[in-house]
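Below: one structure, written as structure tokens.
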Amino acid sequence: MELIDAMNWRYAAKKMNGQRVSPEKIDTILEAIRLSASSVGLQPYTVLVIDNHELKGRIHELACPQPQVVEGSHLLVFASWTGMNATQVDDYMKLVAETRGVTVESLTPFADSVKGNLFSKTEEELNNWAARQSYIALGSALIAAATEQVDATPMEGFNAEALDALLDLPAKGLHSVSLLALGYRDATKDFLSSAPKVRRARKDLFIELA
Ligand SMILES: Cc1cc2nc3c(=O)[nH]c(=O)nc-3n(C[C@H](O)[C@H](O)[C@H](O)COP(=O)(O)O)c2cc1C
């Protein structure tokens, strides 16, 4: 589907019909997340891909309870890194070196600059920075899902602390930031499926400085 048509087609479905999303389409959406941009390329988040009805049921109870969590096919949990450390930056530098065929030593100025920038932040600032990066990946997933004609509902309406505990995220250095239900809209039960999209006019959204 063409990009703007897909963006017009998509909406945050409130009711889904339980239909499965094919593994190929899920793969495409996950690959779009993997290829998403992030500050300095660090990708300071992990995405949990949940395809287990019982677990989705338990998450549903912590998410207001929003029907899409159980009516969707797959549920993604975007969890950002907490308490980041220099080893994670070093691991990233090793990946850059391996991927681009350069030495880790040649990346020392880059590594020092990244560490200087990140670790001058307070822990709270650093955690917020990581969470913000995860939203870029969420946005990539939304666009990828739309082009695949898969419905995708982003959600912040859940109890993050309770979800962290359920999924044992603190022990993994993670904190849940957002959810994304992937599935297919139930147009018969969701009046929003045919509601016009509400967006600010271009003249109000953009300031053009030519
Ligand atoms: C970060 C974020 C969190 C959201 N949280 C929820 C949510 O918890 N439940 C829900 O039904 N929709 C949620 N939405 C969907 C928005 O309400 C929706 O995207 C917005 O109203 C624009 O409408 P549209 O996406 O349907 O075109 C969220 C969207 C974003 C981007």
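The values are calculated or read from the model by the stated rules, or taken from the named source; none is laboratory data. A quick note: this is a predicted structure, and the numbers were derived from the prediction, not measured. Cβ coordinates were reconstructed from backbone atoms using ideal geometry, including for glycine residues, and neighbour counts include every protein chain displayed. Just so you know, the surface numbers come from the protein's heavy atoms only, side chains and all, with ligands and any DNA or RNA stripped out. Shrake-Rupley method; radii C 1.70, N 1.55, O 1.52, S 1.80 Å.
Before moving on, here are some points about what is shown:
- Residue satisfying all of: in segment 12-37; loosely packed, with under 15 Cβ neighbours inside 10 Å and of a type in the set (D, E, K, R); nearest to Arg185 (Cα to Cα) among these: Arg20
- Residues that are part of a loop (DSSP other than H, G, I, E, B), under 26 Å from Lys172 (Cβ atoms) and modelled with pLDDT of 95 or more occur at least once in segment 25-35.
- Condition check for Val104: among the β-branched types (Val, Ile, Thr), farther than 17 Å from Arg34 by Cβ and buried (at least 19 other Cβ atoms within 10 Å of the Cβ): no
- Here Val89, Val114, Val96, Val40 are screened, and the one residue that is open to solvent by 40 Å² or more (accessible area, probe 1.4 Å), away from the ligand (no atom under 16 Å from the Cβ) and modelled with pLDDT of 95 or more is Val40.
- Residues of segment 11-31 classified as on the phi < 0 side of the Ramachandran plot, small (Gly, Ala, Ser) and touching a helix residue (DSSP H, G or I) at 6+ places or on another chain (Cβ under 9 Å), total: 2
- On the stretch given as segment 47-102, residues that are of a type in the set (Gly, Ala, Ser) and in contact with a strand residue (DSSP E or B) (Cβ under 8 Å, 6 or more places away or on another chain) total 5.
- Taking segment 1-11 as the range and being part of a loop (DSSP other than H, G, I, E, B), within 16 Å of the ligand (Cβ to nearest atom) and open to solvent by 30 Å² or more (accessible area, probe 1.4 Å) as the test, the residues that pass are Met1, Arg10.
- Near pairs, Cβ below 8 angstrom, 6+ apart or cross-chain, from segment 81-94 (over 12 Å from Val114 (Cβ atoms)) to any residue that is surrounded by 12 or more Cβ atoms within 10 Å (Cβ to Cβ) and β-branched (Val, Ile, Thr): Trp81/Thr46; Lys94/Val104
- For segment 12-24, a tally of residues being assigned to a loop (DSSP other than H, G, I, E, B) and away from the ligand (no atom under 15 Å from the Cβ) returns 6.
- Selected residue (criterion: farthest from the ligand (Cβ to nearest atom)) from residues of segment 133-167 that are out of contact with any helix residue (DSSP H, G or I) (no Cβ under 8 Å at 6 or more places or on another chain) and open to solvent by 40 Å² or more (accessible area, probe 1.4 Å): Ala165
- Residue tally, condition part of a helix (DSSP H, G or I) and crowded, with 21+ Cβ neighbours inside 10 Å, over segment 168-181: 0
- Pairs where the first residue, in segment 48-68, is within 22 Å of Ser22 (Cβ to Cβ) and the second is of a type in the set (D, E, K, R) and in a helix (DSSP H, G or I), C-beta under 7 Å, 6+ apart: Ile50/Lys56
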